[in-house]
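The values are calculated or read from the model by the stated rules, or taken from the named source; none is laboratory data. The model shown is predicted, which means the values in this text are computed figures rather than measured ones. With ideal geometry, Cβ positions are generated from the backbone for all residues, glycine too; neighbour counts draw on all protein chains shown.
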Amino acid sequence: MSEPNDLSNLIQQAEKTAHSQAEAKPAPKSKPLPWRMIFSVLLAGVIAYAGTKVSAGLSPPSQKEVAHDLEAVLDRAHDVIETAKAESGELPEALPNAALASVVEYEHDRTGYQLTATIMGVKVTMERSGRKTTDMGEKQ
């Protein structure tokens, strides 16, 4: 009969040993930074940056930028007219460049001409001498 007692003692000792070993094991270390959180923050940053770039590209140009562009168009129209005059000896009846004519108003007489371009309420006028005046009127 001592055999069942020996077995029960062995079982109890095994349970105590297993229990003490389970308590002695250190808890698993937690990760320093969860990768999902890092990825989420980076993704949010990229989306915010892209959103600002897209919205900046969709906003209309400033009046100063429009005036600068119109002055460049009038300079080009002036060059085209002066080239046509040098070739024929007279001012052309119409602006020789159709693309420029769609943006630039050309008025002339025997002594000179005037070029005018208006976009988004900005009006730039150029005389034959090259003198320019800019009116930054109200946006339309």
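Kindly indicate which of A77, A72, A117, A99 is closer than 25 Å to P61 by Cβ, exposed (fewer than 14 other Cβ atoms within 10 Å of the Cβ) and modelled with pLDDT of 90 or more.
On the way: A77 fails: exposed (fewer than 14 other Cβ atoms within 10 Å of the Cβ); A117 fails: exposed (fewer than 14 other Cβ atoms within 10 Å of the Cβ); A99 fails: modelled with pLDDT of 90 or more.
Criteria check complete, one pass: A72.
Could you check V104 against (1) modelled with pLDDT under 90; (2) surrounded by 14 or more Cβ atoms within 10 Å (Cβ to Cβ); (3) touching a helix residue (DSSP H, G or I) at 6+ places or on another chain (Cβ under 8 Å) and say which number it fails?
Just one mismatch for V104, condition (1).
Hey, T134 hits all of (1) under 15 Å from D75 (Cα atoms); (2) exposed (fewer than 13 other Cβ atoms within 10 Å of the Cβ) but one; which does it fall short on?
So T134 meets the others, but not (2).
Return the only residue of P96, P92 being assigned to a loop (DSSP other than H, G, I, E, B) and under 39 Å from the mean Cα position of the chain (by Cα). Lay out the reasoning, then the answer.
Working: P92 fails: under 39 Å from the mean Cα position of the chain (by Cα).
Of P96, P92, the one residue that is assigned to a loop (DSSP other than H, G, I, E, B) and under 39 Å from the mean Cα position of the chain (by Cα) is P96.
Residues of region 83-96 being surrounded by fewer than 14 Cβ atoms within 10 Å (Cβ to Cβ) and closer than 14 Å to L115 by Cβ, which ones?
Of region 83-96, the ones surrounded by fewer than 14 Cβ atoms within 10 Å (Cβ to Cβ) are 83, 86-90, 93-94.
Within region 83-96, just A94 meets the criteria.
Would you say E105 is more than 31 Å from the chain's Cα centre (by Cα), of a type in the set (D, E, K, R) and part of a strand (DSSP E or B)? Please lay out each step first, then the result.
Values: more than 31 Å from the chain's Cα centre (by Cα): yes; of a type in the set (D, E, K, R): yes; part of a strand (DSSP E or B): yes.
Spelling it out, E105 is indeed more than 31 Å from the chain's Cα centre (by Cα), of a type in the set (D, E, K, R) and part of a strand (DSSP E or B).
Could you please tell me which pairs satisfy a Cβ distance under 9 Å, a separation of 6+ or placement on different chains, a first residue in region 127-138 that is of a type in the set (K, R), and a second residue that is surrounded by 10 or more Cβ atoms within 10 Å (Cβ to Cβ) and part of a loop (DSSP other than H, G, I, E, B)?
Note: pairs meeting the criteria are R128/L91; R128/G112.
Being under 30 Å from R131 (Cα atoms) and exposed (fewer than 12 other Cβ atoms within 10 Å of the Cβ) is the filter here; which residues of region 39-61 pass it?
P60
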